[in-house]
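Undergrad: Pasting a structure here, questions to come.
The values are calculated or read from the model by the stated rules, or taken from the named source; none is laboratory data. Values in this document were obtained by computation on a predicted structure and should not be read as measured data. Ideal geometry is used to build each Cβ from the backbone, glycine not excepted, and the neighbour counts take in all protein chains shown. The accessibility values were calculated without ligands, DNA or RNA, using every heavy atom of the protein model including side chains. Shrake-Rupley method; radii C 1.70, N 1.55, O 1.52, S 1.80 Å.
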2 protein chains.
Amino acid sequence: MENQFNRRKFLQTSALAGASAALPNIASATSPKSKTPFRSTINIGVIGTGLRGQNHINLILKRTDCQLIAICDIDDEMLRRTKKMITEAGAKMPKIYKAGEKDYLNLVQDESVDAIIIATPWRWHTEMAVAAMQAGKYVGMEVCGGFSMDECWQLVNTHEATGTPLFFLENVCYRRDVMAILNMVRKGLFGELIHLEGGYQHDLRGVKFNDGITPYNSGAEFGEKGFSEARWRTRHSIHRNGDLYPTHGIGPVAQYCNINRGNRFLYLTSMASKARGLHNYIVDHEKGGADHPNAKIEFQLGDKVTTLIKCSNGETISLHHDTNLPRPYSLGFRVQGTKGIWMAVNKSLHLEGTSPAHRWEDAQTYLDQYDHAYWKAGANKATGAGHGGMDYFLMDDFINCAKEKVAPPFDVYDAATWLAITPLSEQSIAMGGQPMPFPDFTRGRWMHRKNTFAL
Amino acid sequence: MENQFNRRKFLQTSALAGASAALPNIASATSPKSKTPFRSTINIGVIGTGLRGQNHINLILKRTDCQLIAICDIDDEMLRRTKKMITEAGAKMPKIYKAGEKDYLNLVQDESVDAIIIATPWRWHTEMAVAAMQAGKYVGMEVCGGFSMDECWQLVNTHEATGTPLFFLENVCYRRDVMAILNMVRKGLFGELIHLEGGYQHDLRGVKFNDGITPYNSGAEFGEKGFSEARWRTRHSIHRNGDLYPTHGIGPVAQYCNINRGNRFLYLTSMASKARGLHNYIVDHEKGGADHPNAKIEFQLGDKVTTLIKCSNGETISLHHDTNLPRPYSLGFRVQGTKGIWMAVNKSLHLEGTSPAHRWEDAQTYLDQYDHAYWKAGANKATGAGHGGMDYFLMDDFINCAKEKVAPPFDVYDAATWLAITPLSEQSIAMGGQPMPFPDFTRGRWMHRKNTFAL
């Protein structure tokens, strides 16, 4: 506790210093068309070299407009894998920060680093992003759910004190079908939007538990005995009950209905089912069983958490969180307006006046027709990048924004708003479904801000 | 107001008399296996001869184990159509009650009537069911949403005072895929149920408005200028905001998770989107337009209403109500348990250990394999009956239960519970998403009651 207090005190003290140092070099995060000179190449530091960080590093190593000059981790195995990847790519070995949990503070002070990507376990995201913003670095922060409303405000307040942009690295906004539908939404093909759905419906049982050596489907261990995400992510399912991972669903939906840009979230209610899936997984696993120590754990996370969000412009949003049961992967998108509806799960849409009355049409014809310019131009480059190629476009946008020092499409206000879903959902569930209001993190700026994503 | 008061007073006064008259002939509604003698044929009265009532009458006329001996309506056109149908079937003309809105009270007193079907506009259901129960008739009440919690209690209290069964006529419980999935649920193929979805997602714009002559897609009129459902149903969309029609979704879901039979609804929260669809429909209709008087109406019903329900056994339920936008018909069922998931919208399911990991399978193979005995035996007879044949099985169950005078599969407690969703949803929406508790209409009986549907 004392360390945490000191750490926070340090942040508060250094905020103004950071702001004055950083402001001259950083364009206003609210002006997307900056006059700041274009930089042809930038130096990147990556904090967190786990599997997700390695993904980003892999994309960075392939580019000619950026150099990986610093990495930071405390996990020797992940550092070993990362160094191997760098060597195999023939790239220069970056400076390595591995001297304990706080060594990232030295990385963010490295004057040669222009931009920082944070891909650590969730618990570190805000603390590291705050430090990086205070050091004047262009920040790319991986997605997660928040822990507290205070944490969300810390991000906003640090950004406003320093002027440093934060790019919230939500990759699903770049998914090919998601972007094609964004095109269709913007062309008015669905009319005025009325109801949207999305979420994270992904059987993560084989991620939350493994054998401590291989990451997926290999055992019934977690925590110190687990590997990769099982080492830290699983504890959230033991102790917390809420929508722990809202951004893959809410990110695309927020683009469709311009959240924090003429629209905002007013309140949510959340409801959780009972928790059975993780316990059953341990008991039924060949390396687990009813007598396995983990079979005694009482998991708090409801297997299915459903959250309803009301927007100031009158739309409703249904968010799914469903990671503990056997099921096919599906983010479950639904975009419904006055003129039509798209549903991802049946790969179908209906557009009034175009589709046969009361009938679904295969969505693919439309997805091809309205393929986004990003994908039309870059599909070849995206081949092989993570998550079906969308990670390429995310990294491309991040690097380009960082080079230009312009406001990112998903900024600190979006990060705060999307992160807030998690503590608000936990609170609503704990209070028997009470509605929980969203703060206006933008302090009224949402009324005149414009959506700049992938225009 | 005075008439209403007198009416209620009459009901209260006659309740005890009705009870003592009726009880000797009516088996206890909580004992499905009655010793009451089987009757080979019964006499039926139908109150409400609109399109839905005609549907029921059509099925009655085809049967040899019941006679239509009384009908009641105040709409001359609907009576004309009904009489024509009866004549064409070569059946004996029933006694006709048409002397004003209260003439149904004479029908329910008709000693030759054994069972009564109520298929009037929603506003009359409870009042008529209460009168019919008090007269000792076996009651079949069409589905709708409730108006008040008091109305739900009236049904329960009247049943308990009279001992008269009430069969809540929810037809979707008999849908072929719904019943096959019920078989699979009962065989444990989905494991322990965790989360369920259902609802009423049906573009009713062409039902809520017509030309006053033909029922569907023919104009922009309603109320006195409308025909069939447009005459009365549309007003609910003008004045009310909630899940106005919950039973087609909740009926099947309640069978899956044994509501009022070892499980019960604890509370709900509800959220409504803005209302655009009905206004746009009037403005865009060739017989409407921006200057049409109906274009001035401000509709209260949100185009998409989403309701979350928490069950005492820990399941969550998502209910959809979506009747004002262009969309294909879909009740949107989802049945998700510890061992698998079925979704109606993509006609797919996933069963752990059977389906390929993380992959959907076409549900049809399973729906065929687990086809319910009702459908295996009766599919031929169901051909041509309403709503894909399911109405045949509903009527068959109703007549059989009435002949045996046994408790129906969906009884007065289910009716009260399902009806209550509507006022609770309206209240939750009006209160900004506040959770609303369900009363225990069974007064604790849900803890030992058993599901008897289609065993």
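Undergrad: Scan segment A:103-125 residue by residue and report those that are open to solvent by 10 Å² or more (accessible area, probe 1.4 Å), of a type outside the set (D, E, K, R) and without any contact (Cβ under 8 Å) to a residue 60 or more places away in the chain.
TA: Within segment A:103-125, A:L105, A:N106, A:Q109 meet the criteria.
Undergrad: Just checking, how many residues over segment A:162-189 are more than 14 Å from chain B (Cβ to nearest Cβ) and surrounded by fewer than 20 Cβ atoms within 10 Å (Cβ to Cβ)? Don't jump to the end; show me each part of the working.
TA: In the first step, residues of segment A:162-189 are kept if they are more than 14 Å from chain B (Cβ to nearest Cβ); the result is A:162-187.
Still in the list and also surrounded by fewer than 20 Cβ atoms within 10 Å (Cβ to Cβ): A:176, A:183, A:186-187.
Adding up the residues that qualify gives 4.
Undergrad: Restricting the search to segment B:357-373, which residues are surrounded by 13 or more Cβ atoms within 10 Å (Cβ to Cβ), within 10 Å of chain A (Cβ to nearest Cβ) and on the phi < 0 side of the Ramachandran plot?
TA: So the first thing to find is which residues in segment B:357-373 are surrounded by 13 or more Cβ atoms within 10 Å (Cβ to Cβ), and the list is B:358, B:360-361, B:363-364, B:366-367, B:370-372.
Now drop any that are not within 10 Å of chain A (Cβ to nearest Cβ), which leaves B:358, B:360-361.
Scanning segment B:357-373 gives B:W360, B:E361.
Undergrad: Which number in (1) closer than 30 Å to B:M128 by Cβ; (2) under 20 Å from the mean Cα position of the chain (by Cα); (3) more than 13 Å from chain A (Cβ to nearest Cβ) marks the one condition that B:G199 misses?
TA: The one condition B:G199 does not meet is (3).
Undergrad: Kindly indicate the residue of segment A:272-307 that is part of a helix (DSSP H, G or I) and of a type in the set (V, I, T) and also nearest to the other protein chains (Cβ to nearest Cβ) among those meeting that condition. Explain how you work it out, then say what you get.
TA: Step one: of segment A:272-307, the residues part of a helix (DSSP H, G or I) are A:277-284, A:293-296.
Narrowing the set further to residues that are of a type in the set (V, I, T) leaves A:282-283.
Numbers: A:I282: 13, A:V283: 11 Å.
Applying the filter and picking the extreme gives A:V283.
Undergrad: Let me ask something else about it. Does segment B:338-356 hold any residues that are more than 7 Å from chain A (Cβ to nearest Cβ) and outside any loop (DSSP other than H, G, I, E, B), and which are they?
TA: Hits for segment B:338-356 are B:W342, B:S348, B:L349, B:L351.
Undergrad: Is it true that A:R327 is more than 23 Å from A:E192 (Cβ to Cβ), within 7 Å of chain B (Cβ to nearest Cβ) and either part of a strand (DSSP E or B) or among the basic types (K, R) (or both)?
TA: Numbers: more than 23 Å from A:E192 (Cβ to Cβ): yes; within 7 Å of chain B (Cβ to nearest Cβ): yes; either part of a strand (DSSP E or B) or among the basic types (K, R) (or both): yes.
Here the answer is yes, as A:R327 does meet what is asked.
Undergrad: Residue by residue through segment B:212-245, note down the ones that are crowded, with 21+ Cβ neighbours inside 10 Å, touching a Ser or Thr at 6+ places or on another chain (Cβ under 9 Å) and under 23 Å from B:G198 (Cα atoms).
TA: B:S237, B:G242, B:D243, B:L244, B:Y245
Undergrad: Taking only pairs six or more apart or across chains, which ones have beta-carbon atoms under 6 Å, a first residue in segment B:431-455 that is within 20 Å of B:Q154 (Cβ to Cβ), and a second residue that is open to solvent by 30 Å² or more (accessible area, probe 1.4 Å) and assigned to a loop (DSSP other than H, G, I, E, B)?
TA: B:W446/B:R264
Undergrad: I want to confirm something. Restricting to segment B:389-433 and keeping residues that are polar (S, T, N, Q) and either within 14 Å of chain A (Cβ to nearest Cβ) or closer than 15 Å to B:C144 by Cβ (or both), which single residue is most open to solvent (accessible area, probe 1.4 Å)?
TA: Narrowing segment B:389-433 to residues polar (S, T, N, Q): B:400, B:417, B:422, B:425, B:427-428.
Within this subset, residues satisfying the condition of being either within 14 Å of chain A (Cβ to nearest Cβ) or closer than 15 Å to B:C144 by Cβ (or both) are B:417, B:422, B:425, B:427-428.
On the way: B:T417: 6, B:T422: 0, B:S425: 0, B:Q427: 78, B:S428: 0 Å².
Ranking the qualifying residues of segment B:389-433, first place goes to B:Q427.
Undergrad: Report yes if some residue within segment B:190-211 is open to solvent by 10 Å² or more (accessible area, probe 1.4 Å), without any contact (Cβ under 8 Å) to a residue 12 or more places away in the chain and out of contact with any Asp or Glu (no Cβ under 8 Å at 6 or more places or on another chain); otherwise report no.
TA: Checked segment B:190-211: no residue is open to solvent by 10 Å² or more (accessible area, probe 1.4 Å), without any contact (Cβ under 8 Å) to a residue 12 or more places away in the chain and out of contact with any Asp or Glu (no Cβ under 8 Å at 6 or more places or on another chain).
Undergrad: Anything in segment B:203-219 that is part of a loop (DSSP other than H, G, I, E, B) and either more than 9 Å from chain A (Cβ to nearest Cβ) or under 30 Å from A:L278 (Cα atoms) (or both)? List them, or say none.
TA: Residues of segment B:203-219 that are part of a loop (DSSP other than H, G, I, E, B), as a first pass: B:203-204, B:209, B:211-219.
Across segment B:203-219, the qualifying residues are B:L204, B:F209, B:D211, B:G212, B:I213, B:T214, B:P215, B:Y216, B:S218, B:G219.
Undergrad: Can B:A415 be described as without any contact (Cβ under 8 Å) to a residue 12 or more places away in the chain, assigned to a helix (DSSP H, G or I) and of a type in the set (A, V, I, L, M, F, W, C)?
TA: Details: without any contact (Cβ under 8 Å) to a residue 12 or more places away in the chain: no; assigned to a helix (DSSP H, G or I): yes; of a type in the set (A, V, I, L, M, F, W, C): yes.
When the stated conditions are applied, B:A415 does not pass them.
Undergrad: Looking at (1) in contact with a helix residue (DSSP H, G or I) (Cβ under 8 Å, 6 or more places away or on another chain); (2) under 20 Å from B:K450 (Cα atoms); (3) more than 14 Å from chain A (Cβ to nearest Cβ), which is the one condition that is false for B:F222?
TA: Among (1) in contact with a helix residue (DSSP H, G or I) (Cβ under 8 Å, 6 or more places away or on another chain); (2) under 20 Å from B:K450 (Cα atoms); (3) more than 14 Å from chain A (Cβ to nearest Cβ), B:F222 violates only (2).
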